[in-house]
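Reading through the structure tokens given below for one structure.
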Amino acid sequence: MSGLFITFEGGEGSGKTTQINRLARKLVDEGHEVLTTREPGGTPEAEKIRNFLVQRDGGNWSPMAECLLLFAAREMHYSQIIKPALDKGKIVISDRFTDSTRIYQGYGHGLPLERIEQLKQIAIGDVEPKITFVLNINTQTGLARSESRLNDQVNDGAQTEDRFEKLGNDFHTRINQGFIRLTKDFPDRCVLIDASRTIEEIASDIYNGIKPHLEKAA
Ligand code: TMP
């Protein structure tokens, strides 16, 4: 039996976490078994790699080293957490997956996409999500939202996860354009969502995107 693998993608401050929590609650209320997880992260080792990559003092990684670390984390996350849950028939919702590497390390840092695909094949083979929601928001609005979340982290005394946020407007504009391009490259699984609307409107589009897959599985 195999479950349903859903991913959420988008630039900084696109509202993925809010939507993932909301969707997971709704699916659990309907009686589905749901696992929510995130990248980089999802296992203790992958969370350590996350700290290197996203925290302000995480290190000065080259784009290729960054990419290798991301696939190291992803290999463990997929084989130890995602695949076993899917094999049990669960719905797995991941906040980011391989598409983030295509976009951040590929479109953002300029690593050739073919190299990223080669590394992906080595790490996880042909695995792709069944549905990917790409939350699209204007770069300035997203960065402003993200900044306010980061200020909350500082006020809570947590480590600031802003290594990518600090890469500047041009980088983040390339990211947002890359995500739109992604929906054209993978039209069968990617759904582009206008994330500038209300939380309810966005949630309703997302649920409608998933419903046919739930009906198929029932
Ligand atoms: P988050 O803020 O959505 O939790 O994501 C953490 C950061 O990591 C975000 O700035 C994007 C970045 N990232 C990559 O650059 N490549 C990847 O493959 C993943 C999963 C995340």
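The values are calculated or read from the model by the stated rules, or taken from the named source; none is laboratory data. All values reported here derive from a predicted model rather than from experimental measurement. Cβ sites come from the backbone with ideal geometry, for glycine too, and all protein chains shown count toward neighbours. For the accessible areas, the whole protein counts, side chains as well, though only heavy atoms, and no ligand, DNA or RNA atoms are used. Shrake-Rupley method; radii C 1.70, N 1.55, O 1.52, S 1.80 Å.
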Just to confirm a number: summing +1 for Lys and Arg and -1 for Asp and Glu over residues other than His32 whose beta-carbon lies under 15 angstrom from that of His32, what do you get?
+4
Enter the accessible area per residue of the chain (Å², integer; probe 1.4 Å; all protein chains in place).
49 Å²
Peptides ranked, highest mean first, by Cβ atoms within 10 Å: ranges 10-20, 42-52:
10-20, 42-52
Cα shape, the stretch 58-137, gyration tensor, a/c 1.5 rule
prolate
Whenever you get a sec, compute what percent of the accessible area on the chain sits on carbon and sulfur atoms (1.4 Å probe).
50 percent
Need one word for the stretch 4-217: rounded, prolate or oblate. Basis is the Cα gyration tensor (sqrt eigenvalues a ≥ b ≥ c); a/c below 1.5 gives rounded, then a/b vs b/c decides.
rounded
J(HN,Hα) series, the stretch 37-51, from Karplus relation 6.51 cos²θ - 1.76 cosθ + 1.60, nearest Hz, glycine and proline x
8, 8, 10, x, x, x, 10, x, 5, 5, 5, 5, 5, 3, 4
Qualifying lysines (Cα of each under 26 Å from Cα of Lys26; at least 8 residues distant if same chain)
Lys16, Lys83, Lys88, Lys90, Lys130, Lys211, Lys216
Could you give the distance between the Cα centres of the stretch 168-218 and the stretch 1-26, to the whole Å?
10 Å
In the neighborhood of Gln19, defined by Cβ-to-Cβ distances under 10 Å, what is the net charge if each Lys or Arg adds +1 and each Asp or Glu adds -1?
0
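Can you give the relative contact order of the chain as a percent, counting alpha carbon pairs under 8 Å and 6+ residues apart?
32 percent.
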